[in-house]
Amino acid sequence: MTQMVADAVRQAGVNFWDTVAMLLPRILITASIVAVGWIIAWALKWAVRWILIWSRFNHFCERIGVSAVLKTADLPAPDILVSLIVFWLVWIGFLLSGVDVLGFTALEGMVRAFAQFVPRLLVAIVILVAGVVCANFAWRATLIAAVNARVPSPRVVSGAVRALVLILAGAMALDQIAVARTIVLTAFAIAFGAVMLGLAIAFGVGGGGIARRILDHWFPEHPPQEREEFRHL
Amino acid sequence: MADESLLSDDLLRQLVATGHVDILVGVPTLNNASTVVDVVRAAQGGLGNYFPRARALIFNADSGSDDGTPTLVRDATTDDTGTVIASRPLRTAHRITTPYHGLPGKGSAMRMIFAVADLLSADAVVVLDPNVTSMTPEWIPALAGPIRDGRADLVAPWYPRAATDAPLVTQLVRPLVRAAYGWTLYEPLMGECGCSRTFATHCLESPAWGTAVMPENVDVWMAAEAMAAGFRPAQSALGVRLVGPSRKRPALPDVFQQVMDAVCACLDLHESYWLTRGQAEPVPCFGTLSGAPESFGARPDVAGMADAFARDVAALHPVLETILSAATLAGVTAAAALPSAVEYDDDLWATTVFEFLLAYHRGVMSREHVMQTLLPLYLGRTAAFLMRHASSGPATLDAALESLCLAFERAKPPAAALWKKA
């Protein structure tokens, strides 16, 4: 009996040391991959940041309105943000490669899935950035045109235009990375439809007079006499 | 040498038949039937009265009018107008009217006029605005005389201006062009002008044709080009300038955009010249302005402009933040705080304009957006000026406008330094 227990313990010990002997090199390899990956990612981060600073990327982002949005969202400057994204993408790639070396069945295929996810994520980021740029351009164009055309509440009108473009870009980006696709699309359709219906009802009920005046102005029954306007030239 | 591709074979035949002319009067038209006859008669009267011995041609370049303008130009005579021609002309003033092809706009017409002047070796070229209703025969010698006498290469007009008359010129374009180019030119947006053949040929050979500066912005470009290229500018006193009703007048934002685009395009083009110019030199003035300036046409709604200024500055604050410095924005916000008594002083206005130019130059946003954002501030400044000077006498008004020009001259050096760094 005692002999049996001793054999079992010895066998367990042998098995343990076999497993350790088998895993230890893999762990060391994983640790090396993660460490080297971190160094490469860090180096890439600084290289990307240096290139962006050299190419005045922040100035470009200021021009197209991305910097203002990042500032509002309390995010870092564009060059820092892009270099951080590069760092994390590269390092997570190395991290998953390292984990794959361990040979855990549950983690198998993560690298492949990550490799498939990265392009979609990049496209989603591009869509989001393009959406922010378009939203800012549309906001500014609407605001300035509304002010010069004496449209009441120009900031409300331009803000609504910006929100609409941003929501559309956000929905497209989420759809691209396939995050809760059904929920996102359904929520977007319901919210968009509700807003439009609400606006239509509000305008129809509360702004009937305004609508009539606008239509009368656009399509007058008798063309009005040209009123002489003050000339600036 | 004239680019003969600008001139059709038929036109060339007519020009060859005309031969050399001493004075070419160019009239670029587009649907000006209601006013062009009086302009042509004034030109004929001016040529007959003041240049009876000169060989002259009245040349109409039409941009495709559909209201019979070319026919009216061809048929216009002085006989039925009661225009008195003091000395009987010894030579016939030829008249040619022709359509031009290419890009629509005054620029293309002017290019054709320059080509004709070059081909016919005209000593003096006078360009008239066909929409002016107050033109008299005296405008012709005023514009052509200094050229014929060899005293100038470009003669700009000089009109008496009331406080409410053309504020876009008096409040913005005049002081800006004067400060930048360093010449005291009163009317950089020359509706009418006279120029020498040398200058016409220089304009004709300019690479600016086909660029963003042309074809709409030819007037201000000509004035700027003359100053930048070392030609001798001058200005002649004309009478009051009244314009007739045009069939479709563009809205103020469009006019403002076009004028400011023209000025900015010229500043880009002549960067190496104006950045080194110092204090403004006087441009010789010929003649004297007769009578006190009067106000014509619709009166401005000054109170409405001031109210709109307060609202617009508040609405545009996030856009203004990206264009103006903190100090200037604070000044503009304070100026707009009291709509009943807007105080937008000369120095603040000059700094505002130069900071907008820098934003335009740096491209901090779409250039169209930059200039459209300046429009409400221009209206605020105009309201402030009119509140103070709407009923001022000519001397006070002249002093106020001179003070504004000096404020622009003071604001230029720091702006020029930043422009160079940008």
So the pair-distance distribution of chain B, from every Cα-Cα distance in 20 Å bins, comes to percents of 26, 56, 18, 0
Using only C-alpha atoms and all pairs of different ones, pull out the Kirkwood radius for segment A:1-104 in Å with one decimal.
17.2 Å
Using the count of nearby Cβ atoms within 10 Å as a rough guide to exposure, how do B:65, B:196, B:325 rank from fewest to most?
B:325, B:65, B:196
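Given a cut-off of 18 Å, what percent of all Cα-Cα pairs of segment B:302-421 lie beyond it?
Numbers: 3689 of 7140 pairs.
The calculated P(r) of segment B:302-421 puts 52 percent of pairs beyond 18 Å.
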Rounded to the nearest 10, the angle in degrees between the Cα long axis of helix B:326-335 and the longest principal axis of the Cα atoms of chain B comes to 80 degrees
Suppose we take every Cα in the protein assembly as shown and form the convex hull; what volume per residue is that in Å³?
230 Å³
Take the Cα atoms of segment B:132-173, find their three principal axes, and give me the spread along each one in whole Å, biggest first.
35, 23, 13
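Mind sorting A:214, A:177, A:127, A:144 by how few other Cβ atoms lie within 10 Å of their own Cβ, fewest first?
Details: A:214 11, A:177 17, A:127 20, A:144 27.
The fewest-first ordering by Cβ neighbours comes to A:214, A:177, A:127, A:144.
I'd like the mean, over residues of A:142-153, of how many other protein chain beta carbons sit within 10 Å of each residue's own Cβ.
Numbers: counts 0, 7, 15, 3, 1, 13, 13, 2, 4, 1, 1, 1.
So the per-residue partner count for this stretch is 5.
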Before rounding to the nearest 500, sum -39500 (n - 2.57) across all DSSP H runs of length at least 4 in chain B and divide by the residue total; then give [θ] at 222 nm in deg cm²/dmol.
-15000 deg cm²/dmol
Residue A:51-residue B:418 pseudo-label distance in nm [points 7 Å out on the Cα-to-Cβ vector]:
3.3 nm
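Taking Cα pairs under 8 Å and at least six residues apart, what relative contact order does segment B:174-229 come out at, in percent?
Working: 29 pairs, mean separation 23.6, N = 56.
Answer for segment B:174-229 is 42 percent.
Quickly estimate the mean residue ellipticity at 222 nm for chain A, helices only: each DSSP H run with n ≥ 4 gives -39500 (n - 2.57), and the total goes over all residues, rounded to 500.
Numbers: 8 runs with 192 residues, N = 233.
Result for chain A, helices only: -29000 deg cm²/dmol.
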With everything on Cα atoms, drop me the angle between helix B:394-421 and the longest principal axis of chain B, reported from 0 to 90° to the nearest 10.
70 degrees
Between segment B:178-211 and segment A:93-161, what's the alpha-carbon centroid distance in Å?
50 Å
On a straight-distance basis, which lysines could pair with residue B:412 in a cross-link, Cα separation under 18 angstrom, same-chain partners fewer than 8 positions away excluded?
B:420, B:421
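The numbers here are math on the coordinates, done by the rules we state, and not lab data. Since we're looking at a predicted model, the values are computed, not measured. Cβ coordinates were reconstructed from backbone atoms using ideal geometry, including for glycine residues, and neighbour counts include every protein chain displayed.
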